[in-house]
Structures are given as C-alpha cells and as structure tokens.
Amino acid sequence: MKLLCDHMLGSLAKWLRIFGFDTLYPDATTDDDLILQLAKHEKRLLISRDKELIIRGKKVKLEVLEIQTTDLHEQLAQVLTHIQIDCTQVLTRCTLCNTPLLSVEKKAVKTHVPSKVFETRDQFWYCAVCNKYYWMGTHYENMIEKINELTNKNKQ
Ligand SMILES: [Zn+2]
C-alpha cells in the first residue's frame, strides 16, 4: 500500500520509509487541493492530523487515516495497525527521497562509513539518488522493538 503523509507528519513519513513503505511527503508549499489530487491519482492512503483535510478526503472517497496523537511511536503503531502490516521490511527505502535502496557489499562501503560502523555492522544499503549510505543503527533496532510492542498491544 502506498501512503501520503501531510506536512505535519514529517517524522512519521521518515520512519514509514525506513519501514519500507512508499510514502509521499509533500512540502509545506503544497496546497490541500494538490495533496488530495495526488492521493487520489496515485491511490495513496491519506494520513493526516488535519481534521479538515480528512473530511475533504472522505468526501472525494479517499482512504484516510486521522492521526490524533503527537507521539511518534503511537503514530507509527496506529498506521501499522490500520494497514495490518508488521514492520519487517526495514531499510528498503531512502528516508530523504523515497527511492528504493540497493543492498551493497560490506567491502564496498569501507571508505564511505565511519570505521566504528564498518567494524560492527555487516549489512549496508545505498541510495543512488542521494549518494547516501545506510546501515542498521541501534536507534533502528530500538524503534522496531518499541513498535512491535505497540502494534501487538493494539491487536489485543
Ligand atoms: Zn535518496
């Protein structure tokens, strides 16, 4: 499922990309009309904290998800519960530009990542558009654990 987060949900959009979801995140200059059009045209779930936008989305028969909390963990758990997918596909998409990441061999990244990272990690990914390398840091692992906890709680 493809997603669209409104401009109030930047951190959520970033983490949804980390979890592998094709997530559109329009910048602050994109007006509501265009956001609705994009969601409709690309069949994206509209995720928003803006009540008015949610109401307008429903009127044009978009699938919508209204976020009420400002807590990032709860926001993520709410989205994952709504679309009934667990966060298993981590680090498949660039957090900056939404491009699918390429898996790269460890020996190819030696000069591109900090030496401590190189020593302690074995899996690396690369965004050819941003020329940026990714690896699974402890903050990813902590986030996944936290989200799994919350989505399991939501299921009960
Ligand atoms: Zn990128």
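Just so it is clear, none of the values below were taken in a lab; they were calculated from the coordinates. Nothing here was measured: the structure is a model prediction, and the numbers come from that model. Positions of Cβ are generated from backbone atoms using ideal geometry, with glycine treated the same way; all protein chains shown enter the neighbour counts.
A few points about this structure:
- Spatially proximal lysines relative to Lys110 (Cα-Cα < 24 Å; intrachain offsets below 8 disregarded): Lys132
- Across the cross-link table entries Lys14/Lys51; Lys2/Lys146; Lys61/Lys146; Lys2/Lys51, which are compared at the Cα atoms, the separations over 30 Å belong to Lys61/Lys146.
- Environment charge at Met1 (Cβ cut-off 9 Å; Lys +1, Arg +1, Asp -1, Glu -1): +1
- Among residues other than Cys127 with Cβ under 13 Å from its Cβ, the summed charge is +3 (Lys and Arg +1, Asp and Glu -1).
- Semi-axis lengths, largest first, of the ellipsoid equivalent to region 91-135 are 19, 9, 9 Å, with √(5λ) applied to each eigenvalue of the Cα gyration tensor.
- Length-normalised contact order of the chain in % [C-alpha pairs under 8 Å, at least 6 apart]: 22 percent
- Values of log10 I(q)/I(0), in the order q = 0.20, 0.22, 0.24 Å⁻¹, for region 2-82 under a Debye, Cα-only, solvent-free model: -0.82, -1.00, -1.21
- Cα centroid of region 49-101 to Cα centroid of region 112-143, whole Å: 24 Å
- Binned Cα-Cα distances of the chain, short to long, each 10 Å bin given as a whole percent: 10, 37, 32, 17, 4, 0
- Its DSSP H runs of at least 4 residues, each contributing -39,500 (n - 2.57), put the calculated 222 nm mean residue ellipticity of the chain at -12500 deg cm²/dmol, to the nearest 500.
- Listed from fewest to most Cβ neighbours within 10 Å, the set Thr95, Thr120 follows the order Thr120, Thr95.
- Most mobile listed residue (Asn98, Asn142, Asn131) in the chain, GNM with C-alpha springs under 10 Å: Asn131
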